[in-house]
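Novice: For reference, the structure I am asking about is given below.
Here, each number is a calculation from the coordinates, and none is a lab measurement. Since we're looking at a predicted model, the values are computed, not measured. Here the Cβ positions follow ideal geometry from the backbone for every residue, glycine too, while neighbour counts run over all protein chains shown.
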Amino acid sequence: MKTILIVVASGIAGVLAGKLGAMIAAKVRAKKADKKKTKAKPMGVMDKALLLEAVVLIAYTAVVLAMFYTTDHGEPATLTTCVFAVWSFENGIMGWIKTTKDKQGTTVPSDPEGGEDQ
C-alpha cells in the first residue's frame, strides 16, 4: 500500500512540476511580449507535442525512480524501453514531417500550427 501511495504522489508531483514550469514560462513569455509590444504567436501543434513528451518522460522517470528506491523490485526495463521507444518514434515522425515540409516549401511562414498547405 505504501508503494502505491508513493507512486501516486510521485505522479502528481510530476504533473504539478510540469504545470508550474508552464506557468513560469508563460509569465516570462508575457514579459518578453510586453517589452517587444508585438503579438506573441500561439504555440504550434508540434511544440505542444514536445512539451507533452517532456512532461510525460520526466513524470515517468520520477515514478520509476521512486518505485525502484522504495521497493525490492528492479527497474521495469521492458516498460522503460517501450516508453522511450514510443516517444523516440514520435519525435522521428515529427522531424520527418517538418523536414519534408521545409524541403517542399509547403509550410506557410505565418501559420502558427506549421502545417497548412499553400
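Novice: Relative contact order, percent, of the stretch 2-104 when contacts are C-alpha pairs under 8 Å separated by at least 6 residues? Don't jump to the answer; show the numbers that get you there.
Specialist: On the way: 36 pairs, mean separation 40.8, N = 103.
Over the stretch 2-104, the number comes to 40 percent.
Novice: Using the Karplus equation 6.51 cos²θ - 1.76 cosθ + 1.60 (θ = phi - 60°), what ³J(HN,Hα) coupling, rounded to whole Hz, does each residue of the stretch 66-82 give in order, writing x for Gly and Pro?
Specialist: Here the 3J(HN,Hα) series is 4, 5, 5, 7, 9, 10, 8, 7, x, 6, x, 4, 5, 5, 4, 4, 5 Hz.
Novice: Sticking with this structure for a sec: Please state the Cα pair-distance histogram of the stretch 2-104 with 10 angstrom bins from zero: what percent is in each bin?
Specialist: Cα pair-distance distribution for the stretch 2-104, in percent: 13, 31, 29, 19, 7, 1.
Novice: With each label point set 7 Å from Cα along the Cα-Cβ vector, what nm distance links Ile58 and Thr3?
Specialist: 2.7 nm
Novice: A 28 angstrom limit on the alpha carbon distance is what I want to check against. Which of Lys27/Lys103; Lys19/Lys103; Lys19/Lys41; Lys41/Lys101; Lys41/Lys98 exceed it? Write down the numbers at each step before the final one.
Specialist: Values: Lys27/Lys103 35 Å; Lys19/Lys103 35 Å; Lys19/Lys41 20 Å; Lys41/Lys101 20 Å; Lys41/Lys98 18 Å.
The pairs that break the limit, which is 28 Å between Cα atoms, are Lys27/Lys103; Lys19/Lys103.
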